[in-house]
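The values are calculated or read from the model by the stated rules, or taken from the named source; none is laboratory data. Because the structure is a prediction, the values reported are computed rather than measured. The protein model used for the area step is the full one, side chains on, heavy atoms only, and it has no ligands, DNA or RNA in it. Shrake-Rupley method; radii C 1.70, N 1.55, O 1.52, S 1.80 Å.
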Amino acid sequence: MQQKKDWFVEKADDYDTKKHRTQNVKNIAKGILNEVSFSKHMNIMDYVSGTGLLLSEIAPYVGKITAVDISPSMNAILKAKSVECEVELLEMDLTTEKIDQKFDAIISSMTLHNIKD
């Protein structure tokens, strides 16, 4: 099996330090929280979770988040974080792989530019 390139290896360490990025994600989370009624019984997915900026904002309102991202370097940053709910991390590419789980909701931010088609 060919090793896939980690496109974020040079960006991961300081990804969360960019104020424009963190403020953008806070605004996205606020919009999601205004529109969706979450509960502690819910298991949701964060698709292309990156370092967990979005899921960290949503975590206090749900029981579990399955974080899905292909980047080992971004996942390493997320693994080191303390999050206010259970987090399951899946390192996979959902454009080429399938997941056999059901979720109460799927959240995502800054994702579409990462998907080829």
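Subtracting the Cα-Cα distance of Lys4 and Val83 from 0.36 nm times their residue separation leaves 25.7 nm of extension gain. Largest accessible area first, the residues His41, His20 order themselves as His41, His20 under a 1.4 Å probe with ligands, DNA and RNA left out. Per-residue ellipticity at 222 nm from helix content only, as computed over the chain with -39500 (n - 2.57) for each DSSP H run of at least four residues, stands at -8000 deg cm²/dmol. Among the listed values [x] 0.98; [y] 1.03; [z] 1.14, the one computed from these coordinates for Cα Rg over 2.2 N^0.38 Å is [y]. Taking only Cα atoms and a 10 Å spring cutoff, compute GNM fluctuations for the chain and point out the largest among Glu84, Glu57, Glu35. Result for the chain, Cα springs under 10 Å: Glu35 fluctuates most. Taking Lys79, Lys98 and ordering them by how much accessible surface each has at a 1.4 Å probe, largest first, produces Lys98, Lys79.
Only protein atoms count toward the accessible area here, which uses a 1.4 Å probe; on region 1-108, the carbon and sulfur part of that area reaches 49 percent.
In straight-distance terms, cross-link reach from Lys64 covers every one of the aspartates and glutamates whose alpha-carbon lies under 15 Å from its own, apart from those fewer than eight places away in the same chain; here that gives Asp46, Glu84, Glu86, Glu88, Asp104. Computed from backbone phi, the HN-Hα couplings of region 74-89 come to 5, 4, 5, 5, 4, 4, 7, 7, 9, 10, 7, 7, 5, 10, 10, 9 Hz, rounded to whole numbers (Karplus: 6.51 cos²θ - 1.76 cosθ + 1.60, θ = phi - 60°; Gly and Pro given as x).
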